[in-house]
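Presented below is the structure to which this report refers.
The values are calculated or read from the model by the stated rules, or taken from the named source; none is laboratory data. The shown structure was predicted, so the numbers you read here are calculated from the model rather than taken from an experiment. All Cβ positions, glycine included, derive from the backbone under ideal geometry; neighbour counts span all protein chains shown. Note: areas computed on protein heavy atoms with side chains; ligands, DNA, RNA excluded. Shrake-Rupley method; radii C 1.70, N 1.55, O 1.52, S 1.80 Å.
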Amino acid sequence: MTNSISIKRKPVLIDLFCGGGCGAYGYISAGFFVIGIDVAPGKHYPGLSHSMDWKEGVKRYTSIASAFHASPECQGYSKLKGLCKSVHKQEIPDVRHVLESTGKPYIIENVPGSPLRNFIKLNGVMFGLKCLKERWFESNCLLLAPERVPVKGRCHIPRYGVGPTGYVSVVGDNFNNAQGHSAMQVKGKMSNYHLAQGFPPAYSAYIGRQLIHYC
């Protein structure tokens, strides 16, 4: 009963490729009721979550969705993809096509260098965080980006864990759980894997406060 009441009172955001829920925390704080879709959602995901393919999620929830967020697999677009022996999916064009067909507001998030259109760039320095984690966000709605903040030399991390300026590299195995939570300002439980794959909730909170006006 509580969930049905919440859905009626708040715009519903469908969080595709939701992972552990880093982005969900931000959208929830921006005022959305969030439903996460992933083949394996994190067990501590902060909203409702369902295990299914992203296309099935779109098909099932378009009728109640106010907006969509999608974070397709990024490894195929990463600058380090040449170091990986596995072949990773490159699904952004397909995701864009499906989300455009819904007619709903959408966000697609991915790493620098990915083939996004009309995107804004966000990084942790813009939000006073102790990690860089630059991510790009595409939308079919007008999004305004924060003022760019110089990062040169600020985020240098020559070793495991915390660098000399207090910044943490929240990627791969370069951090422990407490460091990742602190650097990204994630309050709920989250595995190292999901912290490494995710982005700080401050990003989706910032975007969500703009997106909600289109819902």
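Multiplying the sequence separation of K189 and E73 by 0.36 nm and subtracting their Cα-Cα distance, what value in nm do you get?
39.6 nm
Can you give me the angle between helix 201-211 and the longest principal axis of the chain, using Cα atoms only, in degrees from 0 to 90, rounded to the nearest 10?
Approximately 40 degrees, to the nearest ten.
Past 26 Å, Cα to Cα: identify those pairs from K55/K104; K10/K104; K10/K89; K55/K187; K59/K189, in the order given.
Beyond 26 Å: K10/K89; K55/K187; K59/K189.
Could you give the accessible area per residue of the range 99-174, probe 1.4 Å, as a whole number in Å²?
51
Among the aspartates and glutamates, select those whose C-alpha is under 17 Å from the C-alpha of K121, and discard any that sit fewer than 8 residues away in the same chain.
E109, E134, E138, E147
With the full set of protein chains in place, find how many percent of the accessible area of the range 84-215 is carbon and sulfur; take the probe as 1.4 Å.
Exposed carbon and sulfur together represent 54 percent of the surface.
With label points built 7 Å along Cα→Cβ from the Cα atoms of S101 and R154, find their separation and express it in nm.
4.2
Can you order the peptides 177-188, 50-61 by their average number of other Cβ atoms within 10 Å per residue, highest first?
177-188, 50-61
Toward the positive end of the charge dipole of the range 105-215, about the Cα centre and with charges on Cβ (Lys, Arg +1; Asp, Glu -1), which of Y214, V149, V111 goes farthest?
The Cα lying farthest towards the positive end belongs to V149.
Pull up the cross-link candidates among the aspartates and glutamates for K43, meaning alpha carbon to alpha carbon under 18 Å and not fewer than 8 places away within one chain.
Straight-line reach from K43, under 18 Å: D15, D53.
Would you please give the FRET efficiency between Q90 and R9, computed as 1/(1 + (r/R0)^6) with r the Cβ-Cβ distance and R0 = 25 Å, to the nearest 0.05?
0.05
When the Cα atoms of the chain are enclosed in a convex hull and the volume is divided per residue, what value in Å³ results?
122
Would you mind getting me the FRET efficiency between N176 and S29? Use the beta-carbon distance for r and R0 = 30 Å, nearest 0.05.
0.75
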